[in-house]
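Every read-out reported here was derived from the displayed coordinates using simple, explicitly stated rules and does not represent laboratory data. Because the structure is a prediction, the values reported are computed rather than measured. No Cβ is skipped: glycine too gets one built from the backbone with ideal geometry, and neighbour counts run over all protein chains shown.
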Amino acid sequence: MKKILFVFSLPFVVLGFAGCEATNSKPTAPATSAPSSAEVAQKSDESAAPTEVKEKQPEPSNITVQHCLIGFKGSVPGKPISRTKEEAKELATKLLEELKAGADFDDIIRKNTDDSPPGIYKMANFGVSPNAREQVFARGEMVPAFGDTGFPLQVGEYGLAEFDTKKSPYGWHIVKRVE
């Protein structure tokens with residue numbers, strides 16, 4: 001077997017390696033010439049929609065969030081929920097849209113949550129000591145999607161923690177950052 005030495009510089013383009021031995025490889029299509037700048041401009045005009053680039057802000061050390069849990073049959077221990085997983089997803093998405101349009105979150109929670117209203121929790125971020133006397137939970141004590149959704153939000157913003165067997169096993173969480 002031959003040894004290959006890769007040397008890279010920025011920017012780099014890999015044109016091909018002649019005489020290299022490979023195992024379990026599939027043939028590749030021959031290289032084609034690069035498109036002209038006019039072709040690139042035309043394609044980007046046709047397919048690219050303007051996108052908003054949002055700079056990631058550092059997460060706060062502590063937050064207070066309020067949430068509405070939308071579970072499904074068997075997802076929340078001790079709760080007799082009859083909706084299917086698909087119905088829960090549809091309801092969570094619909095309620096989030098209603099909230100973004102100005103609906104009252106407390107009312108949404110009272111009518112729909114599969115947790116205990118009002119669903120307000122204080123959380124300390126990773127590396128910050130929680131305060132049990134003030135009922136501040138460590139981020140790691142909550143389901144991961146709850147903190148992953150809540151910490152990036154600005155005060156007053158809503159987010160949706162999607163159902164995930166490891167990160168959000170109880171269903172969908174509609175999360176509002178309160179503080």
Report the Stokes-Einstein translational diffusion coefficient (µm² s⁻¹, integer) for the stretch 62-177, Rh taken as the Kirkwood radius over Cα pairs, at 25 °C with viscosity 0.890 mPa s.
172 µm²/s
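Per the Cauchy relation, a quarter of the hull surface: what is the mean projected area of the convex hull of the alpha carbons in the stretch 91-130, in nm²?
Computing the convex hull of the Cα atoms and averaging its projections yields 3.9 nm².
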I need Val155, Val65, Val128 ordered by Cβ neighbour count within 10 Å, fewest first.
Val155, Val128, Val65
